[in-house]
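Trainee: Following this message is one structure expressed as structure tokens.
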Amino acid sequence: MESVLFGIGVTALAGALATIAGAAEDTESNIGSQGDPNSQVQLAPQMGYIHRIYNKAVSGEPPAYGLWVTISAGVAWAFMVTGMNPVLALVIASALAIFVQGVYATTAYLGRTASLAKFEQPVYIDVIKSVTTVTMAHAFVAVFPAVSMCYLIIAALNHPFPLALLGIVWGIALGAAGSATGNPFYGKERQYQSQKFGAGVPISASGNIVRYAEAGQRSSLDNGWFTAKLAGPASGICFGLIVFFELWRTVLFESAAAGWGAIIAGVVLILIFMIIDRYIEVWARKNYGPYKSESAEEVSA
Amino acid sequence: MTAIEASSSGGEGINPVASVIAIVLILIAIAIAYFIAPPVAVSALIGVIVGGLLIGFGVHFVPVGGAPAAMGQSPGIATGVAMLAAGAGLAGLFGGAWAAANPEFGFAIVIASGAIGGGLLMAITCLMVNIVYIFGMGIPAASGKVAKDPITGDTQEAYKSQGTEGHGLPFISYVGGVIGGLLGGAGGTLIYYELLKLYSELLPSILSAEAAQVVPIAVSLAGIFAIGMFLVNAVLAAYNITGTIEGPHDPKFKRFPRAIIGCATASAVCGLFAILIVVV
Amino acid sequence: MTVQVTASEGGIPHNTIMAVGLVGSLVCLYLTYANQFLNAEYAAFFGGLAAVFALLWGTDTIKHLCSYGIGTGVPSAGMIAFGTGVIAMLLATKVETVMPYSAPIAAVIFGAIVGAVSGWIANSVLKMNIPVMVRSITEMAIIGAIVLMGFTAVMAGGFSFDTLAVQEIAILGPLTMPSYAGSLLGGCLLAVSFMLGSIALQHPFNACLGPGEQQDRTLMLAAECGFLSMIVVAVISFAFVAFAAAMLSLIIAVVGFVYTYIRFIELSKRDAFAWLDAKPILEPEGED
């Protein structure tokens, strides 16, 4: 019983760490403008819309976070082998990973922006100075909990994978969860804030991103301020739920029904999430209604 | 993933000559394993091939819209298909590896654990995508490729906002995502589990050490190979669908036989090399 | 979206870069064998230089492949390169235990086989019909194997399977015992090399693509990514090689990184439309 209680405690802590990591990950990627929405930042100057938004085209968020978390995990492991205190090792290793992240961010901004010279997009040095440090800070808040969670899973729950391998697994999953949940909110709701609410961005509007703020010109920092209110927490909940339920079903039900307990629990969870999804889908159809009358739709169908 | 979108269509239908050559390659790989490796290696190679084609098949179910999805211009999840599938598959690998570490659990439980791990990640991620679309952006889900959702029968056309190809995840895409996660998780775990069994059996004599001592090496090798082969298969499958797909109802889904043949062949060659490490 | 993958024409021909990359990285990998004749692993840093050569070559390969539009992002190419490369590299380290001094060549051969099959599958079975597909994926699998081998050499001082799998740890002073969990393979540090290499391979072209892409700037960024990755592996190498050797690798990595980073910023300044500090948006003339 005591070991189960201990396992549940670790599971809750890991879930909490994952929530922090997910929320910070999405906010970081929106401040830096990474992933799919960045295609619009890239496209805008070609359409004649010069902007002062960061252009952190490192790669999609999953491989990028796979790299930051794996660096942190691998370096921390090497430090621990040489006898360093685990907490200290995790902090220093995360700092090194964030140094790498910062360098990749600046080279991406400089490289992409310099290649847009034909469209008269200048390089704004103050953007690099002010935004890079903020993305690095957020990335640290994302990477350190993520790698701590990996360490916790090994040290307290006896997962067989070494730390670096868990880093690659959860780093890519962190990026996948954060980009899937957070990208539409940054891409549609923030970049195209001037477009109608409650509808997708018409393809004809592509590239016409919002470049001016309430006062002055929009900075990428404003994007983090905006998305931290919904997309960030939503990404955090997404990744936190994934980690929590993944551990919870194993810790609690692994020994039930000759090993099938954890699997049955997983199937039940998937079905519950599926029902919730269907419920909100129908809720949206009822409450928001169709964009045009159904009769016109039947003709085209 | 980045600012790049498909320019080559990829074409439909399978290439019969290439497919036959591919199947011959698979048979050659199995034959080599049969002649130079102990019998346990042949079953491991077959497991790896099956795992690879499960991954390739699973990627076709995952609804990924790429860059346009981030603007609500096309349905699906707004990220890269290979990496989203990798996220799900590796989360499955995490669960499967955990179950595999328990000696009491047999083959079925390990693979099922991996499958559920991947499916659970996709179930939660797809739900959060719809929550952000519906409650964050006020946009209902609508498919651009079919008039009616094949599962629920909901009409789609009227719920597409003007000037877009649809947005969000209709229920068929949601189910597709979960199935993709299940298949990816099962495939990745199958590769890992087969290689782990092989390495645990053969490494002690190679390194002249006790079985318990080499467990970390076996786990690491099997783990990094599983991740490597997962990425190879996921990227090949992503090439097959040229980056974006809505789910099992998308016309591009019909291209899956090519990916199955291709991923099985790639896995056969990669798997043969992975087996040779403990045989040479 | 409608963003086209555009890249510069001309510059150093791809075959030249490939020859320099292949020969340079193989020579550097063979120089790491000098560790066997030194009293510490002072030659380990040559592995990092091998990775830099290979990444320069790989950047040019990715540029050729991705200018065709492969349907998904540039990063996926880095992933397939290292997914195939890791298998070729580990098999080569195993061959090393049977045939000494064969690992670098073996990595190239195995990489070429796995890469050619993967490229052929993509091109013929999946009907992508891109003329450079088979050649590019083959080259990238070789590059993946070389980069992983180079980083492994930096971390552990060598790349024989047996030395990678066991780490002697001291107990009670002069007594040592073999530790498998504490070895490079047991800690799965290949995962770190894997991610470092796959991002470093795709980043230079991904970050510089656009109509103003210049070959010298992209290649400078490739060298910068290589040295940056080498810093990380040099830090990890403190766990495996002698302190002085690890320090040497770290210093060379930092010096190389600082030089290439500054050069990259200068080249960006050269190519940029304007280089402004705290200036407002310059609206193009003729528009609002």
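The values are calculated or read from the model by the stated rules, or taken from the named source; none is laboratory data. Predicted, not measured: the structure shown is a model, and the values here were computed from it. Cβ atoms come from the backbone with ideal geometry, glycine included; neighbour counts cover every protein chain shown.
Trainee: Residues of the range C:248-288 being more than 7 Å from chain A (Cβ to nearest Cβ), aliphatic (A, V, I, L, M) and surrounded by 15 or more Cβ atoms within 10 Å (Cβ to Cβ), which ones?
Mentor: If the condition is that a residue be more than 7 Å from chain A (Cβ to nearest Cβ), aliphatic (A, V, I, L, M) and surrounded by 15 or more Cβ atoms within 10 Å (Cβ to Cβ), then C:248, C:250, C:252, C:253, C:254, C:267 are the ones that fit.
Trainee: Determine, yes or no, whether residue C:196 is facing chain A (nearest Cβ under 8 Å), surrounded by 24 or more Cβ atoms within 10 Å (Cβ to Cβ) and in a helix (DSSP H, G or I).
Mentor: yes
Trainee: While we're looking at this one, here's another question. Among the residues of the range A:1-56, count how many are without any contact (Cβ under 8 Å) to a residue 12 or more places away in the chain and in a helix (DSSP H, G or I).
Mentor: 5
Trainee: Going by what's in this entry, would residue B:121 be described as out of contact with any Cys (no Cβ under 8 Å at 6 or more places or on another chain) and away from chain A (no Cβ under 14 Å)?
Mentor: When the stated conditions are applied, residue B:121 does not pass them.
Trainee: Within the range C:210-217, is there a residue that is within 19 Å of the chain's Cα centre (by Cα), part of a helix (DSSP H, G or I) and surrounded by 20 or more Cβ atoms within 10 Å (Cβ to Cβ)?
Mentor: yes
Trainee: Condition first: within 13 Å of chain B (Cβ to nearest Cβ), within 19 Å of residue A:243 (Cα to Cα) and not in a helix (DSSP H, G or I). Can you find one or more residues in the range A:137-152 that meet it?
Mentor: no
Trainee: Might you let me know whether the range C:235-243 holds any residue that is at pLDDT 95 or above, assigned to a helix (DSSP H, G or I) and of a type in the set (S, T, N, Q)?
Mentor: no
Trainee: Got a sec? Which of B:131, B:172, B:191, B:206 is surrounded by fewer than 22 Cβ atoms within 10 Å (Cβ to Cβ), of a type in the set (Val, Ile, Thr) and more than 9 Å from chain A (Cβ to nearest Cβ)?
Mentor: B:206
Trainee: Based on what the data block shows, is residue A:269 of a type outside the set (Lys, Arg), farther than 30 Å from residue A:46 by Cβ, within 11 Å of chain B (Cβ to nearest Cβ) and buried (at least 17 other Cβ atoms within 10 Å of the Cβ)?
Mentor: Yes.
Trainee: Can you tell me which of A:211, A:285, A:218 is charged (D, E, K, R) and not assigned by TED's automatic domain parsing to the domain that holds residue A:154?
Mentor: So the residue among A:211, A:285, A:218 that is charged (D, E, K, R) and not assigned by TED's automatic domain parsing to the domain that holds residue A:154 is A:285.
Trainee: Now for a separate question. Looking only at residues in the range B:53-75 that are more than 8 Å from chain A (Cβ to nearest Cβ), crowded, with 24+ Cβ neighbours inside 10 Å and not in a loop (DSSP other than H, G, I, E, B), which one is nearest to the chain's Cα centre (by Cα)?
Mentor: This residue is B:55.
Trainee: While we're looking at this one, here's another question. Which members of the range B:235-276 meet the condition of being among the β-branched types (Val, Ile, Thr), outside any helix (DSSP H, G or I) and more than 7 Å from chain C (Cβ to nearest Cβ)?
Mentor: B:241, B:244, B:245
Trainee: Then there is this: In the range C:57-71, what count of residues is obtained for those that are in a helix (DSSP H, G or I) and either buried (at least 24 other Cβ atoms within 10 Å of the Cβ) or within 14 Å of chain B (Cβ to nearest Cβ) (or both)?
Mentor: The total comes to 9.
Trainee: Another one. Name the one entry in C:54, C:40 that is among the small types (Gly, Ala, Ser) and surrounded by 23 or more Cβ atoms within 10 Å (Cβ to Cβ).
Mentor: Only one candidate qualifies: C:54.
Trainee: State which residue is farthest from the other protein chains (Cβ to nearest Cβ) when the search covers only the range C:72-107 and only residues that are more than 29 Å from residue A:58 (Cβ to Cβ), touching a residue at least 40 places away in the same chain (Cβ under 8 Å) and part of a helix (DSSP H, G or I).
Mentor: Per the criteria, the residue is C:104.
Trainee: Could you tell me how many of the residues in the range A:153-187 are at the interface with chain B (Cβ under 10 Å from one of its Cβ atoms), surrounded by fewer than 23 Cβ atoms within 10 Å (Cβ to Cβ) and part of a helix (DSSP H, G or I)?
Mentor: Adding up the residues that qualify gives 1.
Trainee: Take residue A:207 and tell me if it is part of a loop (DSSP other than H, G, I, E, B), more than 10 Å from chain B (Cβ to nearest Cβ), small (Gly, Ala, Ser) and crowded, with 17+ Cβ neighbours inside 10 Å.
Mentor: yes
Trainee: So which of A:235, A:255 is among the polar types (S, T, N, Q), out of contact with any Cys (no Cβ under 6 Å at 6 or more places or on another chain) and modelled with pLDDT of 90 or more?
Mentor: A:235
Trainee: Hey, another quick one. May I ask you to verify whether residue B:206 is under 26 Å from residue B:108 (Cα atoms) and of a type outside the set (D, E, K, R)?
Mentor: No: the conditions fail for residue B:206.
Trainee: May I ask you to list the residues in the range B:250-263 that are in contact with a Lys or Arg (Cβ under 9 Å, 6 or more places away or on another chain) and surrounded by 21 or more Cβ atoms within 10 Å (Cβ to Cβ)?
Mentor: Those that are in contact with a Lys or Arg (Cβ under 9 Å, 6 or more places away or on another chain) and surrounded by 21 or more Cβ atoms within 10 Å (Cβ to Cβ): B:250, B:255, B:258.
Trainee: Another question about this same structure. Which of the following residues is within 24 Å of residue C:202 (Cα to Cα), crowded, with 24+ Cβ neighbours inside 10 Å, within 18 Å of the chain's Cα centre (by Cα) and away from chain C (no Cβ under 12 Å): A:72, A:94, A:39?
Mentor: Being within 24 Å of residue C:202 (Cα to Cα), crowded, with 24+ Cβ neighbours inside 10 Å, within 18 Å of the chain's Cα centre (by Cα) and away from chain C (no Cβ under 12 Å) holds for just one of A:72, A:94, A:39, which is A:94.
Trainee: Residues B:115, B:142: which one is crowded, with 24+ Cβ neighbours inside 10 Å and within 20 Å of the chain's Cα centre (by Cα)?
Mentor: B:115
Trainee: Ok, one more. Regarding the range C:24-38, can at least one residue be identified that is under 17 Å from residue B:232 (Cα atoms) and in a helix (DSSP H, G or I)?
Mentor: no
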